[in-house]
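The values are calculated or read from the model by the stated rules, or taken from the named source; none is laboratory data. Quantities reported herein were computed from a predicted structural model and do not represent experimental measurements. Ideal geometry is used to build each Cβ from the backbone, glycine not excepted, and the neighbour counts take in all protein chains shown.
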Amino acid sequence: MSGQPFHIAYVVRDPLPPVRADVLTLFGTEMPRHGVATELVGQSGGQGPEGAWPAGGMHVVGTLEHRFASVCAPLWDLLGLLRALRGRRRPDCIQVRDKIASGLACRIVAAMLGLPFVYWMSFPIVEGFEVRRDDIRAAGRGRLRWFAHVLRARASRFLIYKMVLPGARHIFVQSQAMADWLAAQGIDRRRMTAVPMGVDAQSFDRSRVEPVRDARLDGRRVVLYLGRIARSRRSDFLLDVASELRKTLPEALLVIAGDAPSNDEMAWMRHEIEARGLRQHVLLTGWLPQRTALGYAVRAEVGLSPIPRGTLFDVSSPTKLVEYLALGIPCVANDIPDQKQVMEASGCGLCVPMEVGVFTAATLQLLNDRHAAEQAALRGPAYVRSHRSYAILGRNVAETYKKILTEQG
């Protein structure tokens, strides 16, 4: 990007220091290459690398571990934003990621200062609140608690769709499906840019990854799930697939390389493994450093990416699928819009409904047809380099900033 560099004050929902690639890699590594610097604002609690933010500055106020973090966060964000605004250079815009009350506050500050306000939506938060509300009611966990979540969901829906998004000069969304979904709710489609999940092509270069040495994988037909475990993601579906796989292929081993958002969720998954008698057929690693997780990944023959259909996940852009492709692992994925598009465009595996029978059959098809699996694996890295590397995504996002920050508001 030529001309004067741009400077963004960026309020994020994720804990700082950041670990998500669409913050750490996209804004920490790629954006500076195109003349876009960021001042991150948010709360502590992350496991990311300590030290200065390489793309500008980092203003950490408050902690997500505080008992009243959800209530205090908007005030903390305003204080952090004030610190960012007092920096050596006035920002060219104020951007908020996945925060509602802070989004409204930052929109007001931006208007007062005559700055563009930009919103980054990576997840339908309001709809997530509504699912949580309904889960509490179904579980009978108390009328007062349920009513509090009713109020939160209603207030959040009004704020985000009536006050925050309508006032944004531009909205970055997770996928084309999310852009279409927001457009159906009355948001101007022309003010949206889809930025799907990508990978750092160098970090996910298979030739740079050392396979893990774990005797439990020796002599097994390894199938991989790389990612988070949760009831909301129907992670026990993976165990149903593993149960079916072992009937035809007793040497099959499902490696689940990932953690759960809470100890309760992890305990639930371990219980489900035991209850199904799958101790010898499922390896649940828990949290791993990225290099170790990739070491397990490259020992797999097939990668799995089942994502439940519905409002929350149909608009998502799963990272794990792109990671499999970058590592040259043939995939079985289900048909949420982003995955379907990637699978059809790349030819890197099979896209089927999230049903145990057909998902198991597709997995066995790739395990039994080595030639087809090898051809699918070969297509993956080239597709990622051309379409889903953060080098490519970073260039596109930078060009969008150039456009929206130089146009008249």
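Could you identify the single residue in V241, V255 that is closer than 28 Å to V199 by Cα, of a type in the set (V, I, T) and in contact with a Pro (Cβ under 9 Å, 6 or more places away or on another chain)? So that I can check it myself, show each step before the final result.
Numbers: V255 fails: in contact with a Pro (Cβ under 9 Å, 6 or more places away or on another chain).
Exactly one of V241, V255 is closer than 28 Å to V199 by Cα, of a type in the set (V, I, T) and in contact with a Pro (Cβ under 9 Å, 6 or more places away or on another chain), namely V241.
Tell me which residues, restricted to segment 26-55, are of a type in the set (G, A, S) and under 23 Å from the mean Cα position of the chain (by Cα).
Taking segment 26-55 first, the residues of a type in the set (G, A, S) are 28, 35, 37, 42, 44-46, 48, 51-52, 55.
Across segment 26-55, the qualifying residues are G28, A37, G42, S44, G45, G46, G48, A55.
Could you check how many residues of segment 244-273 are under 19 Å from V223 (Cβ atoms), part of a loop (DSSP other than H, G, I, E, B) and out of contact with any Gly (no Cβ under 8 Å at 6 or more places or on another chain)?
2
Could you check G295 against (1) under 20 Å from the mean Cα position of the chain (by Cα); (2) under 30 Å from R208 (Cα atoms) and say which number it fails?
(1)
Please go through (1) outside any helix (DSSP H, G or I); (2) assigned by TED's automatic domain parsing to the domain that holds Y401 for R190 and return the number of the only condition it doesn't satisfy.
(1)
If I ask for residues that are loosely packed, with under 14 Cβ neighbours inside 10 Å and part of a helix (DSSP H, G or I), which ones from segment 60-78 would you list?
S70, V71
Quick test for you: out of A361, A372, A345, pick the one residue that is surrounded by fewer than 22 Cβ atoms within 10 Å (Cβ to Cβ) and touching a Leu at 6+ places or on another chain (Cβ under 8 Å). Lay out the reasoning, then the answer.
Values: A361 fails: touching a Leu at 6+ places or on another chain (Cβ under 8 Å); A345 fails: touching a Leu at 6+ places or on another chain (Cβ under 8 Å).
Residue meeting the stated conditions: A372.
Looking at segment 169-205, which of its residues are over 22 Å from the mean Cα position of the chain (by Cα) and either aliphatic (A, V, I, L, M) or under 30 Å from L327 (Cβ atoms) (or both)?
Those that are over 22 Å from the mean Cα position of the chain (by Cα) and either aliphatic (A, V, I, L, M) or under 30 Å from L327 (Cβ atoms) (or both): A184, I187.
Report whether or not G219 is assigned by TED's automatic domain parsing to the domain that holds E323, surrounded by fewer than 20 Cβ atoms within 10 Å (Cβ to Cβ), of a type in the set (G, A, S) and part of a loop (DSSP other than H, G, I, E, B). Let's see the steps before the verdict.
Details: assigned by TED's automatic domain parsing to the domain that holds E323: yes; surrounded by fewer than 20 Cβ atoms within 10 Å (Cβ to Cβ): yes; of a type in the set (G, A, S): yes; part of a loop (DSSP other than H, G, I, E, B): yes.
Yes: the conditions hold for G219.
Exactly one condition in (1) at pLDDT 95 or above; (2) not in a loop (DSSP other than H, G, I, E, B) is not met by K99; state its number.
Unmet for K99, out of (1) at pLDDT 95 or above; (2) not in a loop (DSSP other than H, G, I, E, B): (2).
Can you tell me which residue within segment 314-330, out of those that are in contact (Cβ under 8 Å) with a residue 60 or more places away in the chain and hydrophobic (A, V, I, L, M, F, W, C), is farthest from Q202 (Cα to Cα)?
V315
Name the residue that is farthest from F123 (Cα to Cα), counting only residues in segment 279-321 that are part of a loop (DSSP other than H, G, I, E, B) and in contact with a Lys or Arg (Cβ under 8 Å, 6 or more places away or on another chain).
Applying the first criterion (part of a loop (DSSP other than H, G, I, E, B)) to segment 279-321 yields 279-281, 285-289, 298-301, 306-310, 315-318.
After this cut, where a residue has to be in contact with a Lys or Arg (Cβ under 8 Å, 6 or more places away or on another chain) as well, the list is 281, 298, 301, 306-308.
Numbers: H281: 33, V298: 29, E301: 31, P306: 18, I307: 14, P308: 14 Å.
Filtering first and then ranking leaves H281.
Going residue by residue through segment 113-126, is there one that turns out to be part of a strand (DSSP E or B) and among the polar types (S, T, N, Q)? Break it down stepwise before answering.
At the first step, the residues of segment 113-126 found to be part of a strand (DSSP E or B) are 117-121.
Cutting the leftovers down to among the polar types (S, T, N, Q) gives us none.
No, the conditions are met nowhere in segment 113-126.
Out of segment 179-193, which residues are under 23 Å from A110 (Cβ atoms) and either buried (at least 16 other Cβ atoms within 10 Å of the Cβ) or polar (S, T, N, Q) (or both)?
Residues satisfying the conditions are A179, L182, Q185, I187, R191, M192, T193.
Just the residues that are without any contact (Cβ under 8 Å) to a residue 24 or more places away in the chain and closer than 14 Å to A300 by Cβ, please, taken from segment 198-223.
Once the filter is applied, which keeps residues that are without any contact (Cβ under 8 Å) to a residue 24 or more places away in the chain and closer than 14 Å to A300 by Cβ, segment 198-223 yields only D218.
Has segment 320-334 got any residue that is under 23 Å from the mean Cα position of the chain (by Cα), of a type in the set (S, T, N, Q) and surrounded by fewer than 18 Cβ atoms within 10 Å (Cβ to Cβ)? Quick ask: steps written out before the conclusion?
Within segment 320-334, the subset under 23 Å from the mean Cα position of the chain (by Cα) is 320-334.
If we keep only those that are of a type in the set (S, T, N, Q) too, we end up with 334.
From what's left, surrounded by fewer than 18 Cβ atoms within 10 Å (Cβ to Cβ): none.
Taking every residue of segment 320-334 in turn, none turns out to be under 23 Å from the mean Cα position of the chain (by Cα), of a type in the set (S, T, N, Q) and surrounded by fewer than 18 Cβ atoms within 10 Å (Cβ to Cβ).
Which condition from (1) at pLDDT 95 or above; (2) under 20 Å from A168 (Cβ atoms); (3) in contact with a helix residue (DSSP H, G or I) (Cβ under 9 Å, 6 or more places away or on another chain) is the one that V61 breaks?
Condition (2) is where V61 drops out.
Can you give me the number of residues within segment 109-139 that are among the small types (G, A, S), surrounded by fewer than 19 Cβ atoms within 10 Å (Cβ to Cβ) and closer than 26 Å to D92 by Cβ? Quick ask: steps written out before the conclusion?
Quick first cut of segment 109-139, residues among the small types (G, A, S) only: 110-111, 114, 122, 128, 138-139.
Add one more test, that the residue is surrounded by fewer than 19 Cβ atoms within 10 Å (Cβ to Cβ), and what stays is 111, 114, 128, 138-139.
So of that shortlist, the ones also closer than 26 Å to D92 by Cβ come out as 111, 114.
Number of matching residues: 2.
Which residue pairs have Cβ atoms closer than 8 Å, lie 6 or more positions apart in sequence or on different chains, and pair a first residue in segment 345-363 that is outside the structural domain of Y383 (by TED's automatic domain parsing) with a second residue that is surrounded by 15 or more Cβ atoms within 10 Å (Cβ to Cβ) and assigned to a loop (DSSP other than H, G, I, E, B)?
Filtered contacts from segment 345-363: no entries.
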